[in-house]
Every structure is written in C-alpha cells, then in structure tokens.
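The values are calculated or read from the model by the stated rules, or taken from the named source; none is laboratory data. Just so you know, these numbers come straight off a predicted model, no measurement behind them. For neighbour counting, all protein chains shown are included, and Cβ atoms are generated from backbone atoms with ideal geometry for every residue, glycine included.
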Amino acid sequence: MTASQKGPEVPEVPEHPARKPRRRTRPRKKAGLTRRALARQVGISEQLMSEIESGWRNATPPNLAKIADVLNCRIVALERKRDGGVPNTATPPTTSR
C-alpha cells in the first residue's frame, strides 16, 4: 500500500469525562507500587486493577477500602468525580408513597 492508498480512517474516540485514570493512578504511583503489586496486596487480579484504574469497572466498596488502606490514602482520593469536581458519593433519593 502506498502513502496515497491509506486504509479506512478510524475515528478518534473521545475520552469519557468520568474516566480520569490519572486521578486513580496518582496515589499508587506516589506509593511506589506497580499495578501488579497493588493488585496482589488487595487480593484482586491485575486485569481488574487495570479496569478499575481506567474507569471501565468500579471497585466494590470492600475493594475500594482495601486499595485505600494499602495506598495509605482516603477513599475519597480514589473515587470518581461528577461534573463540577464533586466526588460521586451521593445515594439516590428515595421516594415515599
């Protein structure tokens, strides 16, 4: 294939605004841990840790607590933020009938 015969152009997929991997990887890197080492200490797979850091999966509350404990940081430092920079910790309102 010559330079003038390019294949089909693949559209760039914008990053989802709720996925901010840097926010979730910073505490791990600050602690000097690799993803694999953190996953082992927490008791989850490296694949799951990768998916949590990238924002594709959510950590369960017990795993989130373990991650925060291993990294010696507050849970809020690991949580995703909603638009406006507020951590998404609110519970949905209940309706009474």
Could you list, in sequence order, all residues of region 51-68 that are of a type in the set (D, E, K, R) and assigned to a loop (DSSP other than H, G, I, E, B)? R57
Those residues that are more than 15 Å from P27 (Cβ to Cβ), at pLDDT 95 or above and not polar (S, T, N, Q), I need them from region 40-60; list them, please. R40, G43, I44, E46, L48
Just checking, which of G7, G32, G85 is assigned to a loop (DSSP other than H, G, I, E, B), modelled with pLDDT of 90 or more and out of contact with any strand residue (DSSP E or B) (no Cβ under 8 Å at 6 or more places or on another chain)? G32
